[in-house]
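What follows is calculated from the coordinates using simple rules that are stated; it is not laboratory data. Note that the structure is predicted; figures quoted are calculated from it, not measured. Here the Cβ positions follow ideal geometry from the backbone for every residue, glycine too, while neighbour counts run over all protein chains shown.
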Amino acid sequence: MRSISIFGATGSIGSNTLDLIRRDKTAYRVIALSGAGNIKKLAAQAVEFNAKIAVTAYEDRLEDLQDALRGSGVECAGGANAIAAAAALPVDWGMSAIVGAAGLRASMALARHGGILALANKESLVCAGDLLLAECAAHGTRLLPVDSEHSALFQALNGENRKALRRLILTASGGPFKDYTLEQMRGVSPGQAMRHPKWQMGERISIDSASMFNKALEVIEAKYLFGCKPEQIEVVVHPQAIVHSMVEYIDNTIISHMGSPDMRGAIGYALHWPERAINPIAPLDFTHMEALSFSSPDEAKFPALRLAREALQLGGHAGVVFNAAKEAALDAFIAGKIGFLDMAGLVEKTLYNAQIESIRESAQSSLAQVLAADAEARALVMENI
Ligand code: NAD
Ligand code: MG
């Protein structure tokens, strides 16, 4: 029986992970599940999967969680420190699926178990890629990407000689505003931005997909996961979301990974790796498929991609500054304080802010430093709104 924990259990990735576990409950012992404000769902999951401990990110909701779990035998805890402590409980397989930099501490703790760290929280690599990879290496933990594109790349690189790698081609659906003019994009609402044409995901990543900030984070994520140069990572718009990404080798061979746009594919791969297992996703039917198309992203409409490449060139803490500024700008957009297109402007301004030059350029040497850079960047965004 494998012991597992899921951080961000109540979210889209977390619920999909539990959906796979549910099909084979006797194979797993669930240790920790975490959520935030969705206490009812967290409590229901903890009871159904007989978790050892359930943790809410919100300390002031702990009482509600205790009420919901009274008599169940499930331990309860609340707050960011409690999540980090629960992530330190040893497990064979840990899913990091909290949204945003808030997931960083759980990823770092899961990296110390020497088992498998299934990483959906791409922000962990964007903010602290050097630290997370070093932690995994020091403890013999296997990092498996759960982002669909990176799972696809991981699979297309399986057994190949990395020296023969020429390019990683990340596919992007283009989001709901792919065919909008800049003028049309200026006035879009958070509700419109959340409606992703192909993938069912959490609200924040859906809006990030509409602005292509999600793809921007994924470029940085790929650099850390696969250790390639930034110029080897290309983004191609592929609206059908059937090809999940591709690897090009020096002999001009391209290995692509295809499948239905269902995250249970990438989650299931990480759950069963190195084996493959039957999963509930719809198989592809090539005889009834719309034509697959590919094009270059319009970087005038989607400056996030350029900014990610610039953050990679800057190195040091530029990734955490980039992500924190993006998260704070996203909060402001959701709150109706700024327009959709203002997000990229705020990120650019923060990335190059002279006040944080020394912070931005220093190497990632501790988690505390990364978190301080995160706070500094968020404060700068607030000043500029
Ligand atoms: P979601 O919004 O559906 O769920 C987020 C989870 O994090 C919830 O359990 C929520 O309770 C928890 N959470 C929110 N704020 C928190 C905080 N401050 N502290 C602790 N926990 C908090 O998000 P999601 O779509 O499942 O995405 C989760 C992660 O996976 C993100 O990093 C996202 O980029 C990545 N990812 C998601 C998808 C997808 O299809 N949903 C695909 C690829 C990668
Ligand atoms: Mg993705």
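Brief remarks on what is shown
- Spatial extent of the range 2-145: Rg and Dmax, with the Cα atoms as the point set, Å: 13.9, 43
- Using a simple spin-label model with pseudo-atoms 7 Å out from Cα toward Cβ, residue 349 and residue 231 lie 3.3 nm apart.
- One chain, two ends: residue 254 and residue 367. Fully extended at 0.36 nm per residue, the span grows by 36.9 nm beyond their Cα-Cα distance.
- Dipole magnitude of the range 2-145, debye to nearest 20 (Cβ charges: Lys/Arg +1, Asp/Glu -1, about Cα centre): 420
- P(r) of the chain over all Cα-Cα pairs, binned every 20 Å from zero, in whole percent: 29, 61, 11, 0
- Remark on residue 240: its backbone amide H falls under 5 Å from those of 293, a criterion applied only to residues 5 or more positions apart or on other chains, H modelled at 1.01 Å from N.
- Each Lys and Arg contributes +1 and each Asp and Glu -1, all at the Cβ; summed about the Cα centre of the chain, the dipole is approximately 640 debye.
- GluC sites (Glu not before Pro) restricted to DSSP loop in the range 240-305 with at most 11 other C-beta within 10 Å: 275, 290
- Spatial separation of Cα centroids for the range 160-195 and the range 249-318, in angstrom: 11
- For the range 176-227, the Cα gyration tensor yields ellipsoid semi-axes of 23, 13, 8 Å (square root of five times each eigenvalue, largest first, whole Å).
- Applying both filters, DSSP loop and at most 13 other Cβ atoms within 10 Å, to the GluC sites (Glu not before Pro) of the range 60-162 gives 160.
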